[in-house]
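Working notes for the structure below.
The values are calculated or read from the model by the stated rules, or taken from the named source; none is laboratory data. None of these values were measured; they are calculated from a predicted model. Neighbour counts run over all protein chains shown; Cβ positions are idealised from the backbone, glycine included. In case anyone asks, the SASA skips ligands and DNA or RNA and just uses the protein heavy atoms, side chains included. Shrake-Rupley method; radii C 1.70, N 1.55, O 1.52, S 1.80 Å.
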Amino acid sequence: MSSASEVRILQTVQGTIGAKPAVVRAARGMSHFGEHALGWVAVAGVGAALDKPRRRRWVGVAVGAVGAHAASIVIKRVVRRPRPNDPSVQVNVSTPSKLSFPSSHATSTTAAAVLIGRLTGLPLPAVLVPPMLLSRLVLGVHYPTDVLAGSALGAVSAAAVLRAEQKFGVK
């Protein structure tokens, strides 16, 4: 996909649902929650504190989210794709870096959603991942391929945690 077509997608997202102030506020809230995977670490911490029989699996949620985030940062520094910088794209939130690929929010959210979904039996990837991916476009801080690649990386990260849990008999 060319960056011109990705800019057109960003323009469409921002011109439709992204034109609603409530949507932008919600997207900013999601951005703050997902920053450095800290919201997911907090959820995992609460789960570990309240669900003692499955504490080690809740710790796996935190490890998966943080590990996914770390992997995305390494890839960002290798790829060095700049964030969208087209005058037609409005940036609606500050970012810790000027690097775009992959989206760390998409990466850690997908990893956490997969792991918490497996732990709870809830369809969390279907419920949590699309809104987070879309929020990054609403905020104008990622191209569509950034969020798709981030989500794929998050799924791979979650699969690695699940394999490790199986290997070591984590219940």
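Worth a mention:
- Remark: the chain carries a charge dipole of roughly 440 debye about the Cα centre, counting +1 on each Lys and Arg Cβ and -1 on each Asp and Glu Cβ.
- Stretched out straight at 0.36 nm per residue, the stretch from Leu148 to Ala160 would grow longer than its current Cα-Cα span by 2.5 nm.
- GNM result for the chain, Cα springs below 10 Å: residue of Val41, Val74, Val93 fluctuating most strongly: Val74
- Placing +1 on each Lys and Arg Cβ and -1 on each Asp and Glu Cβ, with no other charges, gives segment 88-171 a dipole about its Cα centre of roughly 220 debye.
- Point-to-point label distance, Ala4-Asn85, nm (Cα→Cβ direction, 7 Å offset): 2.0
- With the gyration tensor restricted to C-alpha atoms of segment 105-171, the semi-axes of the equivalent ellipsoid amount to 25, 13, 6 Å, longest first.
- Over the chain, accessible surface divided per residue gives 50 Å², non-protein components excluded, 1.4 Å probe.
- For the chain, the relative contact order is 31 percent, taking Cα pairs closer than 8 Å that sit 6 or more residues apart in sequence and dividing their mean separation by the residue count.
- Per-pair calculated FRET efficiency, R0 = 30 Å: Val127 and Thr95 via Cβ, rounded to 0.05: 0.75
- Overall, the accessible surface of the chain at a probe of 1.4 angstrom is composed of carbon and sulfur to the extent of 67 percent.
- Kirkwood hydrodynamic radius over Cα pairs of the chain, then Stokes diffusion coefficient at 25 °C and 0.890 mPa s, in µm²/s: 152
- In the chain, the DSSP-assigned H stretches of four residues or longer account for a calculated mean residue ellipticity at 222 nm of -24000 deg cm²/dmol, using -39500 (n - 2.57) per stretch and the full residue count as denominator.
- Per-residue extension of 0.36 nm, minus the Cα-Cα distance of His32 and Ala19, leaves a gain of 2.7 nm for this segment.
- In degrees, nearest ten, helix 38-50 long axis to first principal axis of the chain (Cα): 20
- Inter-part distance where segment 47-67 and segment 1-32 are each reduced to a Cα centre, Å: 32
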